[in-house]
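Here's the structure, in structure tokens; my notes come after.
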């Protein structure tokens with residue numbers, strides 16, 4: 001009796017389907033990467049010196065007051081420090097050291113504000129436990145201010161693009177324009193205080 005042969009499986013459709021799936025996944029990843037880059041501070045839209053600083057208002061977790069950038073117009077230069085906050089030990093040390101050296105910044109006519117994406121309650125507890133008393137520590141848990149200042153794009157050195165900032169300092173002048181910006185997250189997550197102070201002095205002229 002003749003042996004029955006099993007029909008051969010056609011491999012073409014399966015291979016083509018796999019290629020299509022891989023191509024679609026690659027396209028999706030590329031789209032998400034592009035949107036994060038453009039929408040949250042990538043090289044295409046990153047705020048730079050000379051541009052108008054976006055106005056914002058956030059509550060300070062240290063003393064419960066509200067910081068409003070517009071209220072400092074024509075009164076004081078403002079140094080904004082965007083960082084990862086409680087998930088980043090070097091960032092926390094930077095905030096502690098800024099608070100300790102606050103008299104130096106005050107002599108330069110500066111108001112220093114640290115902004116993280118942590119919740120107000122957890123950030124407030126940390127600030128209290130570490131004796132923060134001079135620097136305004138603000139919670140941007142909604143990411144609205146970080147988005148406006150384009151601190152979360154790949155070009156900023158953020159380890160979590162689209163979700164958290166890297167280690168960015170932005171100096172806003174009395175007239176409301178950005179005088180200086182440095183995204184240190186591309187090279188370090190802690191800036192020695194003498195280096196930071198020197199950079200700010202240079203930007204102020």
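No value in this document is a laboratory result; all are computed from the given coordinates. The structure displayed is predicted, hence computed values, not measured ones. Note that each Cβ is placed from the backbone with ideal geometry, even for glycine, and that neighbours are counted across all protein chains shown.
Per-structure values
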item: Sorted by Cβ density within 10 Å, fewest first, the residues 184, 102; result: 102, 184
item: Distance (nanometres) between label positions extended 7 Å along Cα→Cβ at residue 93 and residue 130; result: 1.1
item: When region 54-205 is reduced to its Cα atoms, the Kirkwood hydrodynamic radius in Å; result: 15.2
item: Label zone at residue 103 (point 7 Å along Cα-to-Cβ), backbone N below 12 Å, region 177-205; result: none
item: Region 160-205: C-alpha gyration tensor shape, a/c 1.5 cut-off, then a/b vs b/c; result: oblate
